[in-house]
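Written below as structure tokens is the structure these notes are about.
The values are calculated or read from the model by the stated rules, or taken from the named source; none is laboratory data. Keep in mind the model is a prediction, meaning the values are calculated, not measured. Here Cβ is always computed from backbone atoms with ideal geometry, including for glycine, and neighbour counts include all displayed protein chains. Areas reflect the complete protein model, heavy atoms only, side chains present, ligands, DNA and RNA absent. Shrake-Rupley method; radii C 1.70, N 1.55, O 1.52, S 1.80 Å.
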Amino acid sequence: MVGNMYPRLRIDLAKIRHNAQTLRELARPWGIDIWGVTKVLCGAVQVGEAMMAAGIATLADSRLENLARLPTAERALLRLPDPRQAEAVVRLAHWSLNSELVTLEALSQAALAAGKRHRVLLMVDVGDLREGLWPDEVIPFVRQALHLPGIEIAGLGTNLTCFSGVLPDPTNLGVLVQLAAELKRLSLVECQVISGGNSSSLELLQQGKIPKGINNLRLGEAIILGRETIARRPLPGLFTDAVTLQAVAIEVIEKPTLPTGSIGQDAFGQRPAFTDLGVRRRAILALGRQDVHPEGLLPLEPGVRVLGASSDHLLLDTSDYPEGVKVGQVFSFGLTYGALLAASTSPYVVKQFISHPEREGT
Ligand SMILES: *Cc1c(COP(=O)(O)O)cnc(C)c1O
């Protein structure tokens with residue numbers, strides 16, 4: 001043990017709970033229920049519990065090992081299963097997202113063997129080109145899948161603004177609603193859940209433009225970081241600082257902005273460029289690419305600018321910071337989704353869960 005206290009992710013559970021509750025209340029008048037997505041915080045139990053305390057009944061994560069950690073809520077596996085893990089999927093998840101018949105066959109066998117009924121959210125690709133059946137394949141696919149015992153085709157879902165950045169709109173979400181209506185008309189499936197996407201659908205929700213019939217959203221970033229994900233605008237009434245990153249200054253020295261000597265490549269094969277801003281007060285923080293995605297750090301203290309980072313060192317310009325900067329001083333950052341993902345999956349970053357901010361000790 002080396003007694004590391006930093007770098008540290010400070011995760012305020014009361015704020016996460018507040019965000020989840022506010023989003024539930026925003027969606028409820030439209031008949032929309034929310035699945036709480038925990039993957040960006042590695043399915044932390046405390047985060048799952050905070051979402052459940054906000055009234056969320058279904059927790060969703062992309063990884064089975066995270067689902068195994070989560071509390072006893074209803075659980076959904078977001079990433080399409082590997083058929084060879086069917087036994088674990090059926091054991092750890094009540095729902096999974098699917099688009100392949102061979103996988104459904106494996107899930108069916110596993111569910112039968114376990115004496116369970118596993119629910120399937122069938123994914124439809126309405127244009128973003130990540131997972132999902134093409135809309136015109138859905139009906140024939142369902143006709144085949146209906147023969148499989150142990151599983152239930154319990155809904156349709158789509159995922160947008162992920163691979164191609166395609167935005168949700170009334171037309172592409174309308175495709176889901178029409179397909180669900182068609183499945184009902186043909187007496188094939190009564191969809192319990194028609195899931196209209198992730199945090200990128202919140203803008204449409206706020207405008208009241210989510211087509212009637214969509215009754216579910218799967219929200220991660222909006223709950224954890226308080227932002228929608230089209231323009232990454234803060235959502236009204238939500239905390240954007242439920243998760244922050246802290247790191248420590250290990251050197252504070254005034255240095256020129258122009259390096260001395262001839263310039264080759266930096267540690268990552270890039271050829272850096274410099275502008276002469278004279279002598280600046282620079283701080284090195286014990287934080288680097290092994291801990292976080294430095295481009296996604298948003299300094300919370302005034303007058304602090306991120307200059308760059310190598311594997312283990314983050315360089316800050318602190319010349320405009322209003323006070324003296326000392327070695328050992330802790331700096332705080334907000335995070336983009338990518339930076340949070342990196343920090344939360346880094347074994348070097350301490351995770352501190354805070355349930356009562358007013359009684360925080362350290
Ligand atoms: C990650 C994920 C979500 C949640 O996305 P956010 O942008 O964090 O709200 C929803 N659905 C699927 C399939 C996902 O993989």
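Cβ contacts < 6 Å: first residue more than 16 Å from Ala154 (Cα to Cα), restricted to the stretch 181-210; second residue open to solvent by less than 20 Å² (accessible area, probe 1.4 Å) and not in a loop (DSSP other than H, G, I, E, B), any location; separation 6+ or different chain. Result? Here the result reads Asn198/Arg218; Ser199/Leu219; Ser199/Glu221; Ser199/Ala222; Ser201/Leu217; Leu202/Ala222; Ile210/Leu204, each pair linking the stretch 181-210 to a residue that is open to solvent by less than 20 Å² (accessible area, probe 1.4 Å) and not in a loop (DSSP other than H, G, I, E, B). Every condition in (1) crowded, with 17+ Cβ neighbours inside 10 Å; (2) away from the ligand (no atom under 16 Å from the Cβ); (3) not polar (S, T, N, Q) is met by Gly324 except one, and the failing one is (1). Assessment of the stretch 233-244 against the conditions (over 29 Å from the mean Cα position of the chain (by Cα), of a type in the set (Val, Ile, Thr) and open to solvent by 30 Å² or more (accessible area, probe 1.4 Å)) yields no matching residue. Whenever a residue of the stretch 330-354 is in contact (Cβ under 8 Å) with a residue 40 or more places away in the chain, its partners that are in a loop (DSSP other than H, G, I, E, B) and aromatic (Phe, Trp, Tyr), lying with C-beta atoms within less than 9 angstrom and at least six residues away or across chains, give the pairs Val330/Tyr6; Val349/Tyr6; Val350/Tyr6. Residues in the stretch 72-104 that are basic (Lys, Arg) and either crowded, with 16+ Cβ neighbours inside 10 Å or within 19 Å of the chain's Cα centre (by Cα) (or both): Arg75, Arg79, Arg91.
Screening the candidates Ala53, Ala20, Ala68 for the property of being among the hydrophobic types (A, V, I, L, M, F, W, C) and buried (at least 19 other Cβ atoms within 10 Å of the Cβ) yields one hit, Ala20.
Counting only residues that are of a type in the set (A, V, I, L, M, F, W, C) and without any contact (Cβ under 8 Å) to a residue 40 or more places away in the chain, which one in the stretch 1-17 is most open to solvent (accessible area, probe 1.4 Å)? Among them, the one singled out is Met1. Residues that are away from the ligand (no atom under 14 Å from the Cβ), open to solvent by 10 Å² or more (accessible area, probe 1.4 Å) and not small (Gly, Ala, Ser) number at least 2 in the following helices (runs of 4 or more DSSP H) confined to the stretch 145-231: 170-185. Of everything in the stretch 331-345 that is of a type in the set (Ser, Thr, Tyr) and open to solvent by 30 Å² or more (accessible area, probe 1.4 Å), the residue that is nearest to the ligand (Cβ to nearest atom) is Tyr337. Residues that are modelled with pLDDT under 95 and either within 16 Å of the ligand (Cβ to nearest atom) or open to solvent by 60 Å² or more (accessible area, probe 1.4 Å) (or both): does the stretch 245-257 have at least one? Yes, the stretch 245-257 has at least one match. The single residue among Arg117, Arg130, Arg84, Arg91 that is free of Cβ contacts under 8 Å to residues at least 40 places away in the same chain and within 13 Å of the ligand (Cβ to nearest atom) turns out to be Arg130. Taking the listed residues Asn198, Asn215, Asn159, the one that is within 21 Å of Ala76 (Cβ to Cβ) and touching a Phe, Trp or Tyr at 6+ places or on another chain (Cβ under 9 Å) is Asn215, with no other qualifying.
Which one is nearest to Ile354 (Cα to Cα), of the residues in the stretch 23-40 that are of a type outside the set (Val, Ile, Thr) and open to solvent by less than 10 Å² (accessible area, probe 1.4 Å)? This residue is Gly36.
Each row is one residue, and each column tells you yes or no for (1) β-branched (Val, Ile, Thr); (2) within 30 Å of Ser200 (Cβ to Cβ).
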site	(1), (2)
Gln265	no, no
Arg282	no, no
Val306	yes, yes
Ala309	no, yes
Thr318	yes, no
Gly334	no, yes
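Evaluate the stretch 125-134: report whether one residue or more is assigned to a helix (DSSP H, G or I) and buried (at least 16 other Cβ atoms within 10 Å of the Cβ). Scanning the stretch 125-134, I find no residue that is assigned to a helix (DSSP H, G or I) and buried (at least 16 other Cβ atoms within 10 Å of the Cβ), so the answer is no.
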